[in-house]
Each structure stands twice: as structure tokens, then as C-alpha cells.
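Structure, as C-alpha cells:
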Amino acid sequence: MTDNILKIRTLIDRFFDGETTLSEEQELYDFFRDASNLPEDLESMRPMFRAYDAIQPATLKTQPTKRSVHHRRWLPWAVAAAVTILLLGGAAVLFTRYTPTVPVAEEDFVAYVYGQRTTSHDVVLEEMHRTMIAMADDGGDVVEEQLKAMFSE
Amino acid sequence: MKKSVIMILMFVSSLTAFAQSGLKVNELFEGRIIPQERMVETRVRGKSLEKYQLTYYRSLRMNVTHDEAGRLRQLLGQDAEQSIDMRTSRRNPHRWDTWTCKLQMPSVGSKNRFLCFQEVWNKEHDQCEVTVIYMEGAISSLEELEEKLKN
């Protein structure tokens, strides 16, 4: 099993270098279709090779002819570039969905005290430090009246 | 060409699935559980956070009812299921009962993320103040975060 895994890893490297023959590619597809208990890094590739296998016409699977290396060499790089662009765009979408709303500015310094917005450094820093101290379990009295008095009408 | 299209589509679909596991506590930050008029919110990004090794700090502080506290705990519990580390603590001095939960959430890129939640119950008046803090930065563990918060 270990030798087979090593061979598969070699084939995968050659696959991404565009150097595999069609029969070697089919060997990869067959492996990822039938193998179980794979290492995590190989398991993550299973969907990709299963998809490749699904789009192979039956006639091609019987042809052991090696493809043009010149044609194959640039393709993985083009795919990698396209995927990188998509990942960067996806990361931007993820960031806005994965976290609370994030301001665009590089530096943001704002507090909303019972609905009233302030960018006073003193107020923002005081509140930030208050919540930090509270979370550090160092205690600290809750002094609501100070903030309420500052923003009362 | 077909292979390229398939590969691109697979990556896009995986990104979509990944995006669906966002923080449940976002509902609170967006004011959908407690009105923003009842909360004190801070949002800090930039140089002020450098000494804490943080890049983003957002906190909410509010007084809540029993039912609201329960709802917030529900959201926290859902996020805790996605966390990679969790620490809880409780202090019970004479008048105040304080329960704190700190979560380290899965990183997004190089951003390590933390969610902290605290309830402070005033036993005499049956009131509860809740503090929620979301942080991003280079801090790598809850232990390191606690050290930074204490300093």
C-alpha cells in the first residue's frame, strides 16, 4: 500500500506537470475511485480526480497515446492562475460573510454609545479597555452613568 | 479546456460551502437580536491595536433579560461547535456572578480569530450585563490572548 501511495504521489506530480500519459491518468482516476483510508492530502484530491474521470469519453480511455507535452505544459499554470484569481475574489467574499461587518478604512476608530456615534479617541479607548479588562477576569465595576451622562440630551 | 472548467467550478463550489459556516454571533453584531440603541459598541482597527498583536477589535456591551441571555448563549454555543479551542471560567463573588467563555475560531488566511463572551449577573437585581468581543490578529492561542488582555 505504501509503495502504491508513493507511485500515486509521483503520478500526481507528473499529472500537474502535464507529463502523464492517458493510461497513467486513468490509473489515477481508478485509484481515487476505488481507494479508501487515504492520507488527508490525497483524500482532498479525490473530488477533483473523480470529476476528471467523469468527463473522459469512453473512447479516450482506451488510447494509451501520450498527449502533446507542449500543449500540456502551459495548461496547469493557466488553471492555477485562474484558480488563484478566483480564490482571491472568494476570500474577499468570505471575509465579509465570515466576520462582522468590517470597515474599508485601514484605520477605524469608532464607538456607538446607545446608538450615538462617536469617534472620540478617549471614549473609544476607554470602552475598549473596559471590555478588555472585563474579559481578562480582572473585574472592574460597571459604571454606566459616566457614558450615559456624556451622551444624554 | 473541459478539465479547466471543471477545476474552476469545483474550487468555486468549495468556497461557497466554506462561506456558509460564518459566525452565528454576527446576528448580534448586526443588531438583529438586541437593538443597537441598547448597546455600547466599539470598533477599532489600526495602530492602536499593534501592542496587542491584533488587527481588528469589535466589542458589544449591553444589559439583557434572562430570555435574551439565553438566546445569546444559543448563538455562542453554535459558534463554539466550530471553534478550535475554548476556555470558560466563572467567578462568584458576593453580589456578582460572572461567566466567561473564550473561543478560538478557525483562521481565515493569516488572520487568527477569537470570540469572547461574558455574562455578569447582579443577583440582587436579577440583571445581566453581556460583553461580546470579536478579535483578529497574529495572536496564535487563547493562552496568548489572555496574556495580552491582562497587560
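Laid out as a table, the results:
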{"item": "Near pairs, Cβ below 9 angstrom, 6+ apart or cross-chain, from segment A:106-130 (farther than 8 Å from B:THR42 by Cα and touching a residue at least 24 places away in the same chain (Cβ under 8 Å)) to any residue that is of a type in the set (Asp, Glu) and surrounded by 19 or more Cβ atoms within 10 Å (Cβ to Cβ)", "result": "A:VAL113/A:GLU127; A:VAL113/B:GLU41"}
{"item": "B:LYS123 of a type outside the set (Asp, Glu), more than 16 Å from A:THR131 (Cβ to Cβ) and touching a residue at least 24 places away in the same chain (Cβ under 8 Å)", "result": "yes"}
{"item": "Neighbours by Cβ (under 6 Å, 6+ apart or cross-chain): first from segment B:30-53, on the phi < 0 side of the Ramachandran plot; second small (Gly, Ala, Ser)", "result": "B:GLN36/A:GLY115; B:GLU37/A:GLY115; B:THR42/A:ALA111; B:THR42/B:SER59"}
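Coordinate-derived values only; no laboratory data. Nothing here was measured: the structure is a model prediction, and the numbers come from that model. Glycine gets a Cβ as well: all are built from the backbone with ideal geometry, and neighbour counts include every protein chain shown.
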